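Before any comments, here is the structure.
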Amino acid sequence: MIIMTTLKEYLDSTGCEEPLKDLIELIAKQADPIRKAFITNQSYVDTENIYGETQIALDKWSDAHLLKVLERSNLVKAAASEEQPDIVKFPNAKTDYTVTLDPLDGSSLVQVNLAVGTIIGIYDNGKIMQEGENLRAAMYLLYGPMTILTLTVKEGVHIFALNDEKEYVLMEKNVRIPEGKLYASGALKKDWTAKHREVIDHLEKEGYKLRYSGSFVADVHQYLKYGGVFSYPAFKGHKNGKLRLLFEANPLGFIVTEAGGRISDGRRDILTIMPEKIDHRVPIYIGSKGIIRRIEEMFKD
Ligand code: P6P
């Protein structure tokens, strides 16, 4: 009989304070309602779903749902969401936790049944605009063939799967990212910078294999398991690339770094960057430490 550790049992084995455990479990529980909305809210605004209900875009629905849950919990002082123009404050909060959220990263892929996810960063000092290295915890829910939760509270990276009883059970503990040979690059090839093209040429010469889905959180999960480097680079007309520092790079970079990997903009650790604005974008190279260091060397030349 394999004794599967539940999320609650794992959290009780950590040094986490009670309110943080409650917050993590509360967010993890939202996988079910969000997944259920995939049918009822497909992804276009002002259309009708199969039940004749007016649909709102799935990412907006997920955003509203998560913010409502966080507000009612009184466990969160403020939240910043990729779907919100400004920080949302919750004056009745009883804690100093703040949350960054990408409610449904890759949401356009729901209609082609590919994996999408919810990306969460948790700080415990009442602030939002700060470096990713200050995170107290980071997690993502990945809605694929399984619903999984990848979590770090700075005591390693652990992966849980939602079972038929809607309970998260530990599937993999102390995940370490290998020096694998997958690679991905966003942006149109014709718009790549010369330096990025040099990086991609190097990876291809070294026999790296292309794996790119259009969902950052799903791709990062694959790189966490198999190793390599996912990139969404600076590109023509977009020196800061496409992906967001607060909502995508920091939480996923924090998890990958805790698993022994690295996240860089080509020159420095992204987790040390002070956000200039809520939708601060950064060029991203995330994955195995060895190849990311090699890429940083190439940027130095
Ligand atoms: P492109 C999804 O819209 C997203 O923000 C990330 O999840 C994903 O990696 C990227 O954008 C995909 O961008 O330009 O390939 O559509």
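Here, each number is a calculation from the coordinates, and none is a lab measurement. Since the structure is predicted, the reported quantities are computational estimates derived from the model, not experimental observations. When we count neighbours, we look across all protein chains shown, and the Cβ atoms used for this are built from the backbone with ideal geometry, even at glycine.
Between 0 and 90 degrees, rounded to the nearest ten: what's the tilt of helix 31-40 against the longest Cα principal axis of the chain?
Helix 31-40 sits at roughly 90 degrees to that axis.
Taking θ as phi - 60°, what are the ³J(HN,Hα) couplings along segment 134-143 by the Karplus curve (6.51, -1.76, 1.60), each to the nearest whole Hz, with x for Gly and Pro?
Once θ is set to phi - 60°, the couplings for segment 134-143 become 7, 4, 8, 7, 8, 8, 9, 9, 10, 9 Hz.
To the nearest 10 degrees, how steeply does helix 58-73 sit against the main Cα axis of the chain, on a 0 to 90 scale?
Result, in degrees: 50.
Taking the radius of gyration and the Kirkwood hydrodynamic radius from Cα positions alone, what is the Rg/Rh ratio for segment 114-204, to two decimal places?
My calculation of the ratio gives 1.07.
Quick check: pseudo-label points 7 Å beyond the Cα along Cα→Cβ at GLU167 and HIS202, how many nm apart are they?
The modelled label-to-label distance comes out at 4.8 nm.
Whole-Hz ³J(HN,Hα) for each residue in segment 282-288, computed from phi via Karplus 6.51 cos²θ - 1.76 cosθ + 1.60 with θ = phi - 60°, x for glycine and proline: what do you get?
Per-residue couplings from phi come out as 9, x, 10, 10, 10, x, 5 Hz.
Name the residue farthest towards the positive end of the dipole of the chain from the options ALA234, PHE247, GLY287, assuming +1 on Cβ of Lys and Arg, -1 on Cβ of Asp and Glu, about the Cα centre.
Result: ALA234.
Just how large is the dipole of segment 182-300 about the Cα centre, in debye to the nearest 20, putting +1 at every Lys and Arg Cβ and -1 at every Asp and Glu Cβ?
Numbers: 21 positive and 14 negative charges, 50 e Å.
Once rounded to the nearest 20, the dipole reads 240 debye.
GLY261's amide H: which non-local residues (gap 5+, or another chain) put their own amide H closer than 5 Å, with H modeled 1.01 Å from N in plane and none for Pro or chain starts?
Residues meeting the criterion, in which the H sits 1.01 Å from N, are ILE177.
Looking at the chain, what % of its DSSP beta bridges pair antiparallel, to the nearest 5? Could the numbers behind the result be given before it?
Details: 44 of 54 bridges.
For the chain, the DSSP antiparallel bridge percentage is about 80.
Where does helix 194-205 land angle-wise versus the long Cα axis of the chain, in degrees 0 to 90, nearest 10?
Tilt relative to the chain: about 90 degrees.
Could you work out the equivalent-ellipsoid semi-axes for segment 144-276, taking the square root of 5 times each eigenvalue of the Cα gyration tensor, largest first, in whole Å?
Working: eigenvalues 153, 56, 39 Å².
Calculated on Cα positions only, the semi-axes equal 28, 17, 14 Å.
Around ARG281, which amide H atoms from residues at least 5 apart in sequence, or from another chain, sit under 5 Å from its own amide H, with H modelled in the peptide plane?
Under 5 Å from the amide H of ARG281 lie the amide H atoms of LEU245, each far enough along the sequence or on another chain.
Give me the distance in nm between label points sitting 7 Å out from Cα along the Cα-to-Cβ direction at THR6 and LYS154, one decimal.
Label at THR6, label at LYS154, 2.8 nm between them.
Choose one of ILE120, HIS65, GLY106: the residue whose Cα lies farthest towards the positive end of the charge dipole of segment 65-135 (beta-carbon charges +1 Lys, Arg; -1 Asp, Glu; about the Cα centre).
HIS65
So for segment 7-172, averaging the separation of alpha carbon pairs under 8 Å that are six or more residues apart and normalising by length, what relative contact order in percent results? Numbers along the way, then the final one.
On the way: 307 pairs, mean separation 24.3, N = 166.
This gives 15 percent for segment 7-172.
If you take every DSSP beta bridge fully contained in segment 163-301, what fraction is antiparallel? Give it as a percent rounded to 5.
Antiparallel: roughly 65 percent of the beta bridges in segment 163-301.
Name the long-range amide H neighbours of THR6: under 5 Å, sequence gap of 5 or more, or other chain; modelled H, no Pro or chain starts.
Those qualifying (amide H under 5 Å, at least 5 residues apart or on another chain) are LEU170.
What is the chain by shape, rounded, prolate or oblate, if you read a ≥ b ≥ c off the alpha carbon gyration tensor as root eigenvalues and call it rounded for a/c under 1.5, prolate for a/b larger than b/c, and oblate otherwise?
Values: a/c = 1.45, a/b = 1.32, b/c = 1.10.
Taking the square roots of the gyration eigenvalues as a ≥ b ≥ c, the chain is rounded.
Within 10 Å, at most 12 other Cβ atoms, and a DSSP state outside H, G, I, E, B define an exposed site. Report the longest part of the chain free of exposed GluC sites (Glu not before Pro).
Longest site-free region, per DSSP loop and neighbour criteria: 54-164.
Check cross-link reach from LYS21 to the lysines: straight Cα distance under 23 Å, and skip same-chain residues fewer than eight apart.
LYS8, LYS29, LYS68, LYS77, LYS89, LYS94, LYS127, LYS154, LYS166, LYS173
How high is the relative contact order of the chain, in percent, counting Cα pairs under 8 Å that sit 6 or more residues apart? All intermediate terms of the calculation are to be shown ahead of the outcome.
On the way: 660 pairs, mean separation 45.2, N = 301.
About 15 percent, as a whole number.
Can you compute the FRET efficiency between VAL69 and LYS225 using 1/(1 + (r/R0)^6), with r the Cβ-Cβ distance and R0 = 30 Å? Round to the nearest 0.05. Write down the numbers at each step before the final one.
On the way: r = 29 Å, r/R0 = 0.97.
With a Förster radius of 30 Å, E is 0.55.
Calculate, in nm to one decimal, what HIS238 and ARG293 gain on full extension: separation in residues at 0.36 nm each, minus their alpha carbon distance. Could you put the intermediate results ahead of the total?
Working: separation 55, 0.36 × 55 = 19.80 nm, distance 2.33 nm.
Full extension of this stretch gives 17.5 nm more.
In angstroms, what radius of gyration and Dmax does segment 7-172 have, counting Cα atoms only?
Cα only, segment 7-172: 15.8, 48 Å (Rg, Dmax).
Over segment 141-217, what is the mean sequence separation of C-alpha contacts under 8 Å (at least six apart), divided by residue count, expressed as relative contact order in percent?
Over segment 141-217, the number comes to 20 percent.
For the pair ASN113 and LYS209, what calculated FRET efficiency results from E = 1/(1 + (r/R0)^6), where r is the Cβ-Cβ distance and R0 = 22 Å, to the nearest 0.05? Before the final figure, lay out the partial values.
Details: r = 23 Å, r/R0 = 1.05.
After rounding to 0.05, the efficiency reads 0.40.
With a sphere of radius 15 Å drawn around the Cβ of THR5, what net charge do the other residues whose Cβ falls strictly inside it have (Lys, Arg +1; Asp, Glu -1)? Mind dumping the intermediate values first?
Numbers: positive: LYS8, LYS21, LYS173; negative: GLU9, ASP12, GLU25, GLU155, GLU165, GLU167, GLU172.
Surrounding charge for THR5 is -4.
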